[in-house]
Amino acid sequence: MNNRLIRFITLSVLLPMALAAVAQERVDTITVLRDISSVLLTSEADKSASEIRVEVKASGHIPAYTYRYSSKVSRSDKPLISGDSINLDLPFINAVQKPGHRMFYSILGADIFAGAVVPVDGDGRFRTGWEIGVGKLLGVGFRPWAGGPGLELGAGLLYRNLQLDDNHIFGSDNRGVLFIEAVPQGCHRASSRLDLWAVCVPLTLHQKFSHDFYLDLGVEMLLNFSARATRNYRSTDGSLKYSQTLKHLHQRTVGMDLRFALGWEEIIGLYVRYSPVSLFKSSLGPQTDFVSAGVTFVF
C-alpha cells in the first residue's frame with residue numbers, strides 16, 4: 001500500500017516535468033528548413049516606433065514550412081556620434097557622403113572661347129575688336145558636396161586684337177609711350193591695331209543645374225607678356241606706303257577680367273567678360289575699359 005502510494009506520487013511529479021521539457025523543446029525548435037528560397041524583411045513605421053517583420057519560406061512555399069516573426073523596435077531621431085564624425089541629417093552632409101563623390105578633382109581639356117571686344121569707356125577712337133583663347137587648359141577644382149558648386153582654379157591663354165577707327169593710328173615716342181594720333185594729311189587706307197597676349201588664370205564658381213546647364217562666375221587674373229601696336233597707311237597718290245610695328249610698350253603686367261558664362265551639357269555656352277583695369281600704366285598709354293562677349297566650346 002505504501003509502495004503504491006510512493007510510486008503514484010513520484011509519477012505525478014516526474015510526468016509533468018517531462019512533458020514541460022518536451023513542450024519547451026518544441027517551442028525552441030519548430031522545424032529545420034534545409035532548402036530556403038526567400039527571406040523577407042519588412043518594416044512599418046510611425047512617428048514613434050517601427051514593426052520589423054521577418055518571413056522565411058522554404059522551397060515550394062509550403063505554408064507548414066513558413067516562419068514569421070515580428071517585433072516592435074523604438075526609433076530615435078537624435079544625431080549619432082561615431083568616433084570623430086557627427087551624423088547630421090542635413091542635405092549637404094548627406095551629399096558629401098554619397099559614394100564616389102570626390103571633393104578634389106583635376107581639370108584637363110580645352111575650354112576654347114572666341115568673341116567680340118567692345119570699348120565701353122575712355123578713348124572713343126577704338127572700334128570693336130575680337131579675342132580668342134583657352135580658358136582652362138588645365139587646373140584643379142574643389143566641390144565640398146555632390147551637386148553643389150565647385151571652386152575651380154585653372155590656367156589658359158588669351159589673345160586680343162584691338163583696332164582703331166579709319167581716321168586714327170597709333171604712335172609712340174622714344175620712351176615707349178603709346179598714344180593715338182590722326183592719320184597724316186594726304187594719306188588714306190589707314191589701319192592700326194594692338195595685339196595683346198596674356199596667360200589667364202581663372203578662379204570661378206562652377207555650378208551645374210539638372211544635367212543640362214551649367215553656370216560659371218568668377219574673376220580671371222591676366223599675366224600680360226606681350227603688347228605690340230602696328231600702323232599702316234598710304235599716300236593718296238600711291239607713291240608712299242608706310243608700315244610700322246611699335247614695341248616695348250608699357251602694358252600692365254597684371255590685369256583682371258570679371259567673367260560670367262552660361263552653357264549647356266559642358267559642350268557649348270555663352271560668356272561675357274568685363275575688363276575694369278586699363279591696359280596700360282597711367283600716362284603711358286590709352287586708358288580704356290572693354291566688354292567682350294562670345295561663344296565657348298568645351299572639349
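Of the GluC sites (Glu not before Pro) found in the stretch 212-299, those that fall in a DSSP loop while having at most 12 other beta-carbon atoms within 10 Å are E265.
Taken per residue, the accessible surface of the stretch 123-163 reaches 42 Å², heavy atoms only and a 1.4 Å probe. Using every pair of separate Cα atoms, the Kirkwood estimate puts the hydrodynamic radius of the stretch 162-299 at 17.3 angstrom.
Using +1 on the beta carbon of Lys and Arg, -1 on that of Asp and Glu, and nothing else charged, what's the dipole of the stretch 154-238 about the Cα centre, debye to 20?
Roughly 200 debye, rounded to the nearest 20.
With a cut-off of 16 Å on the backbone N, the residues of the stretch 106-141 near the modelled label site 7 Å out from L223 along Cα-Cβ are 134-140. Which of rounded, prolate, oblate describes the stretch 231-299, given a ≥ b ≥ c as roots of the alpha-carbon gyration tensor eigenvalues and a/c under 1.5 marking rounded, otherwise prolate only if a/b is larger than b/c? Oblate, because a/c is 1.5 or more while a/b does not exceed b/c. Using 0.36 nm per residue and subtracting the Cα-Cα separation, the extra length available between L258 and T230 on full extension is 7.3 nm.
Remark: the stretch 173-253 carries 59 Å² of accessible area per residue (probe radius 1.4 Å; ligands, DNA and RNA excluded).
Annotation for the stretch 238-299: trypsin sites (Lys or Arg not before Pro) lying in DSSP loop with at most 14 further Cβ atoms inside 10 Å of their Cβ are K247, K281.
A full extension of the chain between D173 and K247 corresponds to an added length of 25.6 nm, given 0.36 nm per residue minus the alpha carbon distance.
The values are calculated or read from the model by the stated rules, or taken from the named source; none is laboratory data. All figures in this text were calculated on a predicted structure; none of them were measured in a lab. Glycine also receives a Cβ, built like all others from the backbone with ideal geometry; neighbour counts cover every protein chain displayed. Each accessible area value is taken on the protein alone, full model and side chains, heavy atoms only, with ligands, DNA and RNA left out. Shrake-Rupley method; radii C 1.70, N 1.55, O 1.52, S 1.80 Å.
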